[in-house]
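The values are calculated or read from the model by the stated rules, or taken from the named source; none is laboratory data. Computed from a predicted model, the values in this text were never measured in an experiment. Every residue, glycine as well, gets a Cβ built from its backbone with ideal geometry; the counts of neighbours run over all protein chains shown. Just so you know, the surface numbers come from the protein's heavy atoms only, side chains and all, with ligands and any DNA or RNA stripped out. Shrake-Rupley method; radii C 1.70, N 1.55, O 1.52, S 1.80 Å.
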Amino acid sequence: MHNELKLRYRNALPDKPRWVETRDLLAWSDSSCIGDDCRNFVVWSGEDDLGAIVGEPAPTAIHAAAKACEELLAFPEHIHYARKHLQHFDAELVTLFKAPTGSIPEPGHPCRVLTRGEVVALSHLQSELRDELADVEAEGQEILAALDGDLPVSFAYVASETETLWDISIDTVVTHRRRGFASAAVLSMMQIMAQRSQTAVWGAVQSNTASQNLARKLGFIEVDQLWVLNRKISTILPRN
């Protein structure tokens, strides 16, 4: 019954860039969801530390998600309501970009998909990035790497996806930033996903001008906005 409810909520949201993460969360069998109807609900996954607040659901639903996650998405029409009930969270605007139509340029560096189990052997990565990629690999996701010689230095993967859209996650080793490796990884991943008839979506927080500039450089077009709310470090809540 719970999964049937999430499916109904998911089907009520159009397949547009602002809803990619929310619709993906609703598709997960292990995500939690509390709502009054398909216009007012909260969905979240404590395992992935992410949730989304749609409309103006009951404060108890928001607080349940906030207890399980440190990051929640909210949308412009109801951001004031979300912030009213999450005063222990900071909020930052996110600009959403969508990939341009037409052919995808060839990457400027060689790229390849990492093999299973390869992440743990990448000793040149900072532990935080290696752990993140290991989690992605454990979920069965492909990780596309741009190479400096034989060394994987920039990594792109599908953070969320719907029937026609996918959300880009990209990270590059510090020593190789601003050298075209991130662009190469993104373009190569876009080529793979285009074969599956899925278009890339790029979200960049307001403070990350480098990410916004890279999206624009690659021809992505600004299409929407949403908000991301992060728990303030000084007010970490206990979890069950």
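Here's the yes/no breakdown for (1) at pLDDT 95 or above; (2) not in a strand (DSSP E or B); (3) not basic (Lys, Arg):
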site: SER160; (1), (2), (3): yes, no, yes
site: LEU187; (1), (2), (3): yes, yes, yes
site: MET190; (1), (2), (3): yes, yes, yes
site: ALA200; (1), (2), (3): yes, no, yes
site: ALA210; (1), (2), (3): no, yes, yes
site: ALA215; (1), (2), (3): yes, yes, yes
site: VAL223; (1), (2), (3): yes, no, yes
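Tally the residues that are assigned to a helix (DSSP H, G or I), under 20 Å from ARG18 (Cα atoms), in contact with a strand residue (DSSP E or B) (Cβ under 8 Å, 6 or more places away or on another chain) and not β-branched (Val, Ile, Thr), restricting the search to the stretch 32-80. Going through the stretch 32-80 one residue at a time, the tally reaches 3. Selection over the stretch 32-53 of residues that are open to solvent by 10 Å² or more (accessible area, probe 1.4 Å), over 16 Å from HIS2 (Cα atoms) and within 21 Å of the chain's Cα centre (by Cα) gives a count of 5.
Each residue in the stretch 173-186 was checked for being open to solvent by less than 10 Å² (accessible area, probe 1.4 Å) and either in contact (Cβ under 8 Å) with a residue 40 or more places away in the chain or among the polar types (S, T, N, Q) (or both), and 3 of them qualify.
Can you confirm whether the stretch 31-52 contains a residue that is in contact with a Lys or Arg (Cβ under 8 Å, 6 or more places away or on another chain) and among the hydroxyl-bearing types (Ser, Thr, Tyr)?
Yes: one or more hits.
Enumerate the pairs (first residue in the stretch 6-24 and farther than 22 Å from ILE221 by Cβ; second residue anywhere and small (Gly, Ala, Ser) and open to solvent by 50 Å² or more (accessible area, probe 1.4 Å)) with beta-carbon separation below 9 Å, excluding pairs fewer than 6 apart on the same chain, so at least 6 apart or on different chains. Within 9 Å, the pairs are LYS6/ALA27; LYS6/SER29; LEU7/ALA27; ARG10/ALA27.
Within the stretch 122-135, can one find any residue that is touching a residue at least 12 places away in the same chain (Cβ under 8 Å) and among the small types (Gly, Ala, Ser)? Checking the stretch 122-135: at least one residue is touching a residue at least 12 places away in the same chain (Cβ under 8 Å) and among the small types (Gly, Ala, Ser). Of all the numbered requirements in (1) among the β-branched types (Val, Ile, Thr); (2) in a loop (DSSP other than H, G, I, E, B); (3) open to solvent by 70 Å² or more (accessible area, probe 1.4 Å), VAL120 misses one, and that requirement is (2).
Quick one: in the stretch 66-108, of everything that is of a type in the set (S, T, N, Q) and under 21 Å from ILE221 (Cβ atoms), which residue is least open to solvent (accessible area, probe 1.4 Å)? Per the criteria, the residue is THR95.
When you scan the stretch 8-31, do you find a residue that is part of a strand (DSSP E or B), small (Gly, Ala, Ser) and open to solvent by less than 50 Å² (accessible area, probe 1.4 Å), even just one? So far as the stretch 8-31 goes, no, none of its residues is part of a strand (DSSP E or B), small (Gly, Ala, Ser) and open to solvent by less than 50 Å² (accessible area, probe 1.4 Å).
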